[in-house]
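**Q** Before anything else, here's the structure in question.
The values are calculated or read from the model by the stated rules, or taken from the named source; none is laboratory data. Just so it is clear, the model here is predicted, and its values are computed rather than measured. Neighbour counts are summed over all protein chains in view; Cβ atoms, including those assigned to glycine, are modelled from backbone coordinates with ideal geometry. These accessible areas exclude ligands, DNA and RNA; they are computed on the full protein's heavy atoms, side chains included. Shrake-Rupley method; radii C 1.70, N 1.55, O 1.52, S 1.80 Å.
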Amino acid sequence: MRQFPAFFNMDGARVVVIGSGEEARRKVRLLLSTPAEVCLILAGLRPAWVAELPVRVAVVPVSGLPAALIGARLAIVAEDNPDAVALVRAAGVPLNVVDRPDLCDFTVPSIVDRGEVIAAIGTGGAAPVLAKAI
């Protein structure tokens, strides 16, 4: 077993998501199903979908990334951004880089959520379509 399966307690947690595209949107939506505070880091123009986000999502320009990482439980880079990857690594925050399992400290499994019963099927990023099918 190359990866250790674990469930993180998200009470009082802050998760930083870097990106403005569809992958960032999906990760933010998934995180909003937890009690975590979500900090969305945007490098460019604010996409239209950001207006739909609840107040508990902090939207921060990329210049605010170093401060956002202080005390963050997890970070997800959902765009091609080597500088963000380097900043997250330097901060020591566990990192997921969407579609780049070689850069990840953790991967996000396919999730089946039935209230108190949650099943996660992970492939370490090697076969996400298979995990979703299962």
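**Q** Which FRET efficiency, nearest 0.05, do Asp113 and Asp83 yield, Cβ-Cβ r, R0 41 Å?
**A** 0.75
**Q** Mean-square fluctuation check for the chain, GNM, Cα pairs under 10 Å: which of Gly19, Gly44, Gly64 is largest?
**A** Gly44
**Q** What does region 29-134 give for Rg and for Dmax, in Å, if only its C-alpha atoms count?
**A** Looking at region 29-134, its Cα Rg and Dmax stand at 14.7, 40 Å.
**Q** Springs between alpha-carbon atoms under 10 Å, Gaussian network over the chain: tell me which of Asp113, Asp80, Asp102 tops the mean-square fluctuations.
**A** Maximum fluctuation in the GNM of the chain, among the listed residues, is at Asp113.
**Q** If you roll a 1.4 angstrom probe over the protein chains with everything in place, what fraction of the accessible area of the chain belongs to carbon and sulfur, to the nearest %?
**A** Result for the chain: 58 percent of the exposed heavy-atom area is carbon or sulfur.
**Q** Could I ask something else about it? Using θ = phi - 60° and the Karplus form 6.51 cos²θ - 1.76 cosθ + 1.60, what ³J(HN,Hα) does each residue of region 108-114 get, whole Hz, x for Gly and Pro?
**A** 9, x, 6, 10, 10, 10, 10
**Q** Please work out the FRET efficiency for the pair Ala67 and Asp11, using the Cβ-Cβ distance as r and a Förster radius of 25 Å; give the result to the nearest 0.05.
**A** Efficiency for this residue pair is about 0.70.
**Q** Among Thr107, Ala36, Ala78, flag the residue with its Cα farthest along the positive direction of the charge dipole of the chain, charges on Cβ as +1 for Lys/Arg and -1 for Asp/Glu.
**A** With unit charges placed on the Cβ atoms, the residue in question is Ala36.
**Q** Tell me, what is the FRET efficiency for Ala133 and Trp49 to the nearest 0.05, using R0 = 30 angstrom and their Cβ-Cβ distance as r?
**A** 0.65
**Q** Which of the chymotrypsin sites (Phe, Trp or Tyr not before Pro) found in region 1-55 are in a DSSP loop and have at most 10 neighbouring Cβ atoms, other than their own, within 10 Å?
**A** Passing sites in region 1-55 are Phe7.
**Q** Note the full-extension length gain between Glu22 and Met1 as 0.36 nm times their separation in residues minus their Cα-Cα distance, in nm to one decimal.
**A** Between Glu22 and Met1, full extension yields an extra 4.5 nm.
**Q** Turning to a different aspect of this structure: How much area per residue is accessible in region 1-72 when the probe is 1.4 Å and only protein heavy atoms are counted (Å²)?
**A** About 60 Å² of surface per residue is accessible.
**Q** While we're looking at this one, here's another question. What does the net charge come to around Glu37 if you take all other residues with beta carbon closer than 11 Å to its beta carbon, with K and R at +1 and D and E at -1?
**A** Taking every other residue near Glu37 into account, the sum is +2.
**Q** Whole Å is fine, so just give me how far the alpha carbon centre of region 37-80 lies from that of region 1-34.
**A** 12 Å
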